[in-house]
Structure formats: C-alpha cells, structure tokens
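**Student:** Below you'll find the structure I mean.
The values are calculated or read from the model by the stated rules, or taken from the named source; none is laboratory data. Please read all numbers here as calculations on a predicted model, not as lab measurements. Note that each Cβ is placed from the backbone with ideal geometry, even for glycine, and that neighbours are counted across all protein chains shown. These accessible areas exclude ligands, DNA and RNA; they are computed on the full protein's heavy atoms, side chains included. Shrake-Rupley method; radii C 1.70, N 1.55, O 1.52, S 1.80 Å.
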Amino acid sequence: MEMGEVGREGQGVNRLALNDANKEGRDLLISYMHEEGLDVSVDRIGNIFALRKGRDSREPPIVMGSHMDTVRNAGVFDGALGVLSSLEVIRFLNQHDIETRRGVAVAAFTNEEGARFQPDMMGSMVFTGQLGIEEAWKAEDDDGVTVKDELKRTGYLGSDEFHAGCFLELHVEQGPVLHSEGLEVGVVEGVQGMAWWDGEYTGEANHAGTTPLNLRRDALLAAADLCCRLRETAEALGHGSVATMGRLHPRPDIRNVVPGGAFFTVDFRQYESQRYEEGQKQVVKLIEEIAEKHRVSLSLEQTVDAKPIRFDTGMVDLVEKKTRELGLTYKRMHSGAGHDAQFMSYICPTAMIFVPSINGRSHCPEERTTKADCVNGANILLQCALELSEKGCRIP
Ligand code: HGY
Ligand code: MN
Ligand code: MN
C-alpha cells in the first residue's frame, strides 16, 4: 500500500516505465532491500536484483519477482505484488534466521508493461537474450525520448551481471476466472502468445462539407472498419483468440476535416502455437485488405511477437503441491496477460502463481486483491523457495 502511493494520480497510479514515479518506486524498493541486508545489483537495462546469499555460492540462486512499472491510471497490485511478496519471503527468512543452501533473490524487471516503450517485457527479454541491449536502449516513447536516456537520467543504467537458477513469479490473475469460480489460487501452466503492431493508414485530408462520400479517402473510416473486423476475425479464429485495437489517433483530429491519417495499434493473443501463427497471418492480411478497400496506404510495423510458452512441468507441479499442502483451493490455468516469467522460462525452470483479482479487474484503479489472497500467494512462494533452495532447480 505504501508503494501504491508512489506515482498516485487521483484514483490511479502512474509509474510508467522510467518516469519520475517509477524511479521513486525503484529507490524505495532498493531501500527495503538494503534494510534486509541484501546485495543489490542493477544490469544494463536497469533490472534490479537483490541477493540473499546461501551456504553454497557455486549454485545460481532461486529468483522470485516481477516488475515495478505500471500502465497509466493503474491499480497497485500488478507487478508490485510479485516483487514485494518476494521481498517478504526474504524478510521471513531473515526474521527466523533460516539459512538456505542456495541463495534466494528478488528481481524487479524494467518496463514490463510496454505502455511507454515497446516491446513490453523489455527487461526480461534483454536479461534472457531475447532482445539485444542496443535495440532496447534505442526504443523511443511518443516524445522521442529513448530508454537509454531515461535509464541514465533516473540513475538506473547499471552494468552488473546476474544469474538465475530458476524463477517464480506471483501475480494477480488480472482476469475473472479465480474470482468467479471462488478459487484461491491459479497454478499457471503457461502464457498465451501476444503479437503487437503499430499501423498507420494514410488517405487524403479534405473538407468535410464539400467532399462527396464516394470521393473520400478517409483514413479513420478504414481504421474504424479494421476495429470492427478484428473482432470478427478473432471470433472466427475462436479457441480463446482475442484481438484489440487499443489506440487510434486520427489526423488532423479536427471535426470538419476528413481524416487524412489514422495511427492505430493491434494486440492479438492466442495460447496454442499453431493458431497463434495462423492468427497473426490473418490479422496482417485483414489490415492490408482494409487499406485496399478504403484506398488508403498503409505502413505497418510489428513491435511484439511473444510466442506462447509452457512452463517447466516440475516447477508447475511444485507450485501445485505447495498449494495443496497449504490447504488452498486452486485450478491449473494459463495466463492471458504477458509476464516476465514467460521470458525467464527460456533460460531456467520457471512457474507462476496467480491470486484472484476481484471482479477480474486490472490495468485500472479498481484492481483489487484481498490481503488474505496476497498472503496465500506469498506463502506458496515461501514454501517453493524453501524446497528449491535445498533440492535445486531441476525437479525431475
Ligand atoms: O499483457 C500485457 O499486456 C502486459 O504487457 N504484460
Ligand atoms: Mn504485470
Ligand atoms: Mn500489467
């Protein structure tokens, strides 16, 4: 709740990646980490790692965490819950003088949301070698400010290296499944694929009173058509496919001018690999067909292609076992949102734990999870970390 006040703007929170409030939140996080006597390091993309050493320093640590950036007008749980509950696990170990064999660490990844700089999950992509550091540094926000400039300005352009043995991320579900089914925990088996595009239709700006309908090349009309047809495409693809136009900016944005330009974004998601690839092809075909139909030109750039992933079965089974031992109700499920864990799964055994989002609300100020559910999630993290730190990250 203290972290949730950092970046507060009215009802919501604004800690967009690498803005002043995000810096303030990171500084506060690091002060908590120092209070626990942890070794804090920052890498080249600004990811923060805090290590509590184990008896055996040859083995890479058990890493838990998530992200500290938010979307605009956000709630307080998305990301922060995973980071702060991981720190709570370490506090518990400290308070009870529990020595672990392997080290235990907290990670806070940079720019998970992608609400300011694309791609999202930038910190974990760079950390896992899925995105080059130079490319990440060059990413610009809407005002042309780069990630590297903001890392420097906020004091988070580090140079440390860090290694992870395995990764666990506690997160709010951000969807309605657990709340509506009255379950306490989601044992997450995988994450659906997510593709993002930035597009621009260019037609011809002209007078709204004098230009007959049949002579118009209305870029906004094309984008609006696309918005409706995307929904039909997702419905036709089925199997849980979703497609969203989240941004749409007409140019010149004047009431009596036929819009000559329209910038738009498309977000497409699907859990099964083949359907994900097929869906991407259909979305691109649709965007192109609509340009032709409305006689507008198109520029299109894909900014994200995060493939569907399945988590390590040993790790998922461990989360399930600990959930059951704690007497909590649960279901195995996959994630509809993207998470840093999906990239961590490329380099080490990884799993996620979901706790319910009340009414399934997230990415909005109404995002809520009960304290009891947060405690349940942290207890599962603790139990998993204790077992992993003794037995190792490769669970047969
Ligand atoms: O899923 C999302 O849109 C977010 O970037 N994690
Ligand atoms: Mn998140
Ligand atoms: Mn989010």
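**Student:** Which condition breaks for I90 when tested against (1) open to solvent by less than 10 Å² (accessible area, probe 1.4 Å); (2) more than 16 Å from ligand 2 (Cβ to nearest atom); (3) touching a helix residue (DSSP H, G or I) at 6+ places or on another chain (Cβ under 8 Å)?
**Tutor:** Condition (3) is where I90 drops out.
**Student:** Examine region 295-302 for a residue that is open to solvent by less than 30 Å² (accessible area, probe 1.4 Å) and in the same structural domain as L215 (by TED's automatic domain parsing), and state whether such a residue exists.
**Tutor:** Yes, some residue in region 295-302 is open to solvent by less than 30 Å² (accessible area, probe 1.4 Å) and in the same structural domain as L215 (by TED's automatic domain parsing).
**Student:** Could you please let me know if G175 is touching a Leu at 6+ places or on another chain (Cβ under 6 Å), within 16 Å of ligand 2 (Cβ to nearest atom) and either open to solvent by less than 40 Å² (accessible area, probe 1.4 Å) or under 26 Å from L226 (Cβ atoms) (or both)?
**Tutor:** On the way: touching a Leu at 6+ places or on another chain (Cβ under 6 Å): no; within 16 Å of ligand 2 (Cβ to nearest atom): yes; either open to solvent by less than 40 Å² (accessible area, probe 1.4 Å) or under 26 Å from L226 (Cβ atoms) (or both): yes.
No.
**Student:** Pick from region 62-82 the residues that are in contact with a Phe, Trp or Tyr (Cβ under 9 Å, 6 or more places away or on another chain) and farther than 17 Å from S357 by Cα: which of them is farthest from ligand 1 (Cβ to nearest atom)?
**Tutor:** So the residue we want is I62.
**Student:** Can you tell me how many residues within region 233-288 are β-branched (V, I, T) and touching a Ser or Thr at 6+ places or on another chain (Cβ under 6 Å)? Give the derivation first.
**Tutor:** We begin by selecting, within region 233-288, every residue β-branched (V, I, T); these are 233, 242, 244, 254, 257-258, 265-266, 283-284, 287.
Okay, now just the ones that are also touching a Ser or Thr at 6+ places or on another chain (Cβ under 6 Å), so 258.
Residues flagged as β-branched (V, I, T) and touching a Ser or Thr at 6+ places or on another chain (Cβ under 6 Å) within region 233-288 amount to 1.
**Student:** How many of the residues in region 364-396 are more than 19 Å from R52 (Cα to Cα) and modelled with pLDDT of 95 or more?
**Tutor:** 14
**Student:** Further question on the same structure: Based on this model, can you work out whether H249 counts as within 27 Å of the chain's Cα centre (by Cα), over 13 Å from A219 (Cβ atoms) and at pLDDT 95 or above?
**Tutor:** It is false that H249 is within 27 Å of the chain's Cα centre (by Cα), over 13 Å from A219 (Cβ atoms) and at pLDDT 95 or above.
**Student:** Could I ask something else about it? Would you check which residues across region 27-49 are more than 19 Å from K152 (Cβ to Cβ) and not aromatic (F, W, Y) and list them?
**Tutor:** Of everything in region 27-49, those that are more than 19 Å from K152 (Cβ to Cβ) and not aromatic (F, W, Y) turn out to be L28, L29, S31, M33, H34, E35, E36, G37, L38, D39.
**Student:** As an exercise: evaluate E272 against (1) within 16 Å of ligand 1 (Cβ to nearest atom); (2) farther than 13 Å from Y201 by Cα and give the number of the one condition it does not meet.
**Tutor:** Tallying (1) within 16 Å of ligand 1 (Cβ to nearest atom); (2) farther than 13 Å from Y201 by Cα, E272 fails exactly one: (1).
Each row is one residue, and each column tells you yes or no for (1) within 16 Å of ligand 3 (Cβ to nearest atom); (2) within 30 Å of C384 (Cβ to Cβ); (3) touching a residue at least 12 places away in the same chain (Cβ under 8 Å); (4) not in a helix (DSSP H, G or I).
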| site | (1), (2), (3), (4) |
| --- | --- |
| V284 | no, no, yes, no |
| E289 | no, no, no, no |
| E292 | no, no, no, no |
| L300 | no, no, yes, yes |
| V304 | yes, yes, yes, yes |
| V316 | no, yes, yes, no |
| K321 | no, yes, no, no |
| G327 | no, yes, no, yes |
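**Student:** Restricting region 96-107 to residues that are away from ligand 2 (no atom under 14 Å from the Cβ) and either small (G, A, S) or out of contact with any Leu (no Cβ under 9 Å at 6 or more places or on another chain) (or both), which is nearest to D43 (Cα to Cα)? Steps first, answer last, please.
**Tutor:** Our first condition is that a residue be away from ligand 2 (no atom under 14 Å from the Cβ); within region 96-107, this holds for 96-106.
Now restrict to residues that are either small (G, A, S) or out of contact with any Leu (no Cβ under 9 Å at 6 or more places or on another chain) (or both): 96-97, 101, 103, 105.
Working: H96: 30, D97: 29, R101: 25, G103: 19, A105: 15 Å.
Out of the qualifying residues, it is A105.
Conditions (1) more than 20 Å from the chain's Cα centre (by Cα); (2) within 16 Å of ligand 2 (Cβ to nearest atom); (3) open to solvent by 30 Å² or more (accessible area, probe 1.4 Å); (4) outside the structural domain of C364 (by TED's automatic domain parsing), marked per residue:
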site	(1), (2), (3), (4)
V76	no, yes, yes, no
V83	no, yes, no, no
F109	no, yes, no, no
M122	no, yes, no, no
A136	no, no, no, no
G144	yes, no, yes, no
T154	yes, no, no, no
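**Student:** Kindly indicate the residue of region 93-104 that is touching a Lys or Arg at 6+ places or on another chain (Cβ under 9 Å) and either within 25 Å of K371 (Cβ to Cβ) or within 13 Å of ligand 3 (Cβ to nearest atom) (or both) and also most open to solvent (accessible area, probe 1.4 Å) among those meeting that condition.
**Tutor:** N94
**Student:** Let me ask something else about it. Which one of G327, G338, G377 is small (G, A, S), buried (at least 23 other Cβ atoms within 10 Å of the Cβ) and more than 22 Å from D120 (Cα to Cα)?
**Tutor:** Details: G327 fails: buried (at least 23 other Cβ atoms within 10 Å of the Cβ); G338 fails: more than 22 Å from D120 (Cα to Cα).
The unique qualifying residue is G377.
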